[in-house]
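Trainee: Following this message is one structure expressed as structure tokens.
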Amino acid sequence: MTAGPTPIPPTVAQIMAEPVLYHRAPAFAEVLRRVLEKLPPVFQTDNDVLVFAASGSGAMESAVANLVRPGRRVLACAAGKFGERWIDLCEAYGADLVRYEPGWGERLDPNAIEALLDDVEVVFATLSETSTGIVHDIQAIADVVRARGALLVVDAVSGLGAAELRQDAWGVDVVVAGSQKALMCPPGLAFASVSQRALDDAASAPGRRYYFDWGKTVKAQRKDPPDTAFTPAVPIIRGLDLALDMIHAEGLEDVLARHAILARATRAGAQALGLELFGDPDERANVVTAIELPPDIDGAKVPGALRRLGITANGGQEQLKGRILRIAHCGYFGAFDILTSLSGLEMVLHQLGREVDHGAGVGAAQRVFLEAGVPATA
């Protein structure tokens with residue numbers, strides 16, 4: 001039940017176990033063509049979606065490497081561990097950095113961002129902050145950034161395909177993501193959906209990058225048949241081909257609705273057990289649920305105790321270690337996974353000395369699924 005790597009559908013795992021195709025052979029070119037055609041609808045964009053052999057952090061670095069140059073004034077928004085990664089990357093590339101850090105678990109405030117935009121040329125923000133469970137209002141942030149003429153870059157590594165993100169309609173210049181979350185593949189692929197405006201901006205200041213140069217990648221992918229600038233992660237791309245078929249067969253709107261139901265059931269289960277949700281989540285928080293652990297137990301022991309029951313879930317990171325438990329529901333998850341996890345959480349809380357109304361959390365989640373018409377085995 002972690003937020004990445006997430007479970008992999010059996011058909012995806014099976015095709016990745018087949019012999020590896022030569023990446024310059026016509027057979028792989030056809031797979032790549034299909035993947036490049038199927039990726040943009042998930043981002044809800046007409047942009048090129050650039051594909052790299054890297055983690056999601058590689059996609060983030062590609063954005064900074066192409067858009068940040070020494071002395072360029074940029075704004076990095078951070079309300080958790082992965083927002084702070086934008087700060088680290090921008091500092092590494094010599095930006096004239098403005099920070100907006102409202103605190104872990106807080107929602108990014110578009111008005112506060114607007115107040116910091118003087119002379120800012122690029123804004124870096126996060127859709128789903130995996131360390132806290134908060135999903136930020138990117139549409140509202142995009143409105144204020146676009147009005148000031150700055151470029152907006154959004155980390156959607158955990159959020160893409162789980163939380164609503166309409167890149168073109170909202171005017172987001174760059175969205176970066178990874179393969180190991182709601183796209184239901186192993187780690188190893190990084191994506192950057194880049195607007196023409198952002199491509200032109202990057203091309204106006206060449207140098208200081210090589211592997212992550214967007215110009216090299218877009219040139220290769222626009223060939224007929226499409227190609228890659230460097231050796232790709234062939235097996236994962238083949239798996240992604242099938243995973244994208246699954247997403248499109250279900251329908252993106254239904255995929256997002258499924259994530260919303262899973263999140264709603266998880267929140268209901270936690271609250272029925274008398275547990276608080278961490279931070280300031282709202283109805284957008286459909287990627288991972290961060291649950292505050294009660295102070296009368298040793299919260300650091302919860303992930304290990306769950307693991308002994310066969311359930312793997314994330315504890316907190318940095319200052320939140322021992323304070324929260326994160327149950328993910330992005331990607332190849334269903335009602336059965338949520339009910340099993342809540343049952344395990346009830347048992348672990350009891351084992352650690354907490355008085356528990358056994359079945360309360362599971363029952364609350366069951367009611368959500370029943371009201372939504374979702375079978376418990378789904």
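Trainee: Enumerate the amide H contacts of Leu50 below 5 Å, restricted to partners 5 or more residues apart or on another chain; note that Pro and chain-start residues carry no placed amide H.
Mentor: Those lying under 5 Å, H to H, from Leu50 are Ala192, Ser193, Val194.
Trainee: Could I ask something else about it? Could you pull the Cα extents of the range 184-226 along its three principal axes, largest to smallest, in whole Å?
Mentor: Dimensions of the range 184-226 along the principal axes of its Cα atoms: 35, 25, 19 Å.
Trainee: While we're on this one: Pick out, from Ala125, Gly71, Ala54, the residue whose Cα sits farthest towards the positive end of the charge dipole of the range 23-128, with +1 on the Cβ of Lys and Arg and -1 on the Cβ of Asp and Glu.
Mentor: It is Ala54.
Trainee: Separate question: I'd like the accessible area for Thr340, computed on protein heavy atoms only with a 1.4 Å probe and all protein chains in place. Round to 10 Å², please.
Mentor: Its accessible surface works out to 60 Å², give or take rounding.
Trainee: Right, something else. Just the number, please: Stokes-Einstein D of the range 1-145 in µm²/s, Kirkwood Rh from C-alpha pairs, 37 °C, 0.692 mPa s.
Mentor: Values: Rh = 17.6 Å.
Approximately 186 µm²/s, per Stokes-Einstein.
Trainee: A further question on this structure: Counting heavy atoms of the protein chains only and a 1.4 Å probe, report the per residue accessible area for the range 236-378 as a whole number of Å².
Mentor: For the range 236-378, the solvent-accessible area averages 44 Å² per residue.
Trainee: Note down the relative contact order for the range 74-140 as a percent, whole number, built from C-alpha pairs under 8 angstrom at least six residues apart.
Mentor: Answer for the range 74-140 is 42 percent.
Trainee: Whole angstrom only: what separates the Cα centroid of the range 290-333 from the Cα centroid of the range 59-86?
Mentor: 29 Å
Trainee: Any chance you could run the full-extension gain for Asp227 through Asp357? It's 0.36 nm times the residue separation minus the Cα-Cα distance, nm to one decimal.
Mentor: Working: separation 130, 0.36 × 130 = 46.80 nm, distance 5.74 nm.
Result: 41.1 nm gained on full extension.
Trainee: Tell me, what does the Kirkwood hydrodynamic radius of the range 147-214 come to in angstroms if you use every pair of distinct C-alpha atoms?
Mentor: Working: mean 1/r = 0.0755 Å⁻¹.
Kirkwood radius, the range 147-214: 13.2 Å.
Trainee: Given the range 292-364, report the % of alpha carbon pairs whose separation exceeds 18 Å.
Mentor: 37 percent
Trainee: Only Cα pairs under 8 Å and at least 6 apart count here; give the relative contact order of the chain as a rounded whole percent.
Mentor: 21 percent
Trainee: How big is the charge dipole of the range 244-361 about its Cα centre, in debye rounded to the nearest 20, if each Lys and Arg gets +1 on its Cβ and each Asp and Glu gets -1 on its Cβ?
Mentor: The calculation lands at about 400 debye.
Trainee: Could you give the distance between the Cα centres of the range 157-177 and the range 32-49, to the whole Å?
Mentor: 12 Å
Trainee: Would you calculate the convex hull of the Cα atoms in the chain and tell me its volume per residue in Å³?
Mentor: Convex hull volume per residue, Cα atoms: 127 Å³.
Trainee: If eta is 1.306 mPa s and T is 10 °C, what Stokes-Einstein diffusion coefficient results for the range 232-342, Kirkwood Rh from Cα pairs, in µm²/s?
Mentor: 103 µm²/s
Trainee: In addition: Of all accessible surface on the chain at a 1.4 Å probe, what whole percent is carbon and sulfur?
Mentor: Within the chain, the accessible surface is 51 percent carbon and sulfur.
Trainee: Considering only the chain, what is the antiparallel percent among its DSSP beta bridges, to the nearest 5?
Mentor: So the antiparallel bridges in the chain amount to around 55 percent.
Trainee: Karplus couplings for the range 108-114 from phi (6.51 cos²θ - 1.76 cosθ + 1.60, θ = phi - 60°), rounded to Hz, Gly and Pro as x?
Mentor: So the Karplus estimates, Gly and Pro as x, are 5, 9, x, 5, 5, 5, 4 Hz.
Trainee: Another question, if that's okay. Which of the trypsin sites (Lys or Arg not before Pro) across the range 214-249 are loop residues per DSSP, with 14 or fewer other Cβ within 10 Å?
Mentor: Working: sites: Lys216, Lys219, Arg222, Lys223, Arg238; in loops: Arg222, Lys223.
Answer in residue order: Arg222, Lys223.
Trainee: For the chain, with a Gaussian network of springs between Cα atoms less than 10 Å apart, report the residue from Ala95, Ala205, Ala125 with the top mean-square fluctuation.
Mentor: Ala205
Trainee: Would you check the chain for Lys pairs whose C-alpha atoms are within less than 24 Å, ignoring same-chain pairs closer than 8 in sequence, and give me the count?
Mentor: Number of lysine pairs found: 9.
Trainee: Could I ask something else about it? Out of Ala162, Ala182, Ala150, any idea which swings most in a Gaussian network model of the chain, alpha carbons joined below 10 Å?
Mentor: Of the options given, Ala150 has the highest mean-square fluctuation.
Trainee: Just for the range 44-154, what percent of DSSP beta bridges are antiparallel, to the closest 5?
Mentor: 15 percent
Trainee: Follow-up. How large is the Kirkwood hydrodynamic radius of the range 58-122, in angstrom, based on all distinct alpha carbon pairs?
Mentor: For the range 58-122, the Kirkwood estimate is 12.0 Å.
Trainee: For the chain, what is the charge dipole size about the Cα centre, in debye to the nearest 20, if Lys and Arg each add +1 at the Cβ and Asp and Glu each add -1 at the Cβ?
Mentor: With Lys and Arg at +1 and Asp and Glu at -1, about 980 debye.
Trainee: Ok, one more. With every protein chain left in place, what is the accessible area per residue of the range 34-85 in square angstrom, probe 1.4 Å?
Mentor: With all protein chains present, the range 34-85 gives 28 Å² per residue.
Trainee: When each pair of different Cα atoms in the range 267-317 is counted once in the 1/r mean, what is the Kirkwood radius in angstroms, to one decimal?
Mentor: This gives a value of 12.1 Å.
The values are calculated or read from the model by the stated rules, or taken from the named source; none is laboratory data. From a predicted model like this one, the values you see are computed outputs, not experimental measurements. Quick reminder, even Gly has a Cβ in these numbers, built from the backbone with ideal geometry, and neighbours come from all protein chains shown. Calculation scope for accessible area: heavy atoms of the full protein, side chains included, ligands and nucleic acids excluded. Shrake-Rupley method; radii C 1.70, N 1.55, O 1.52, S 1.80 Å.
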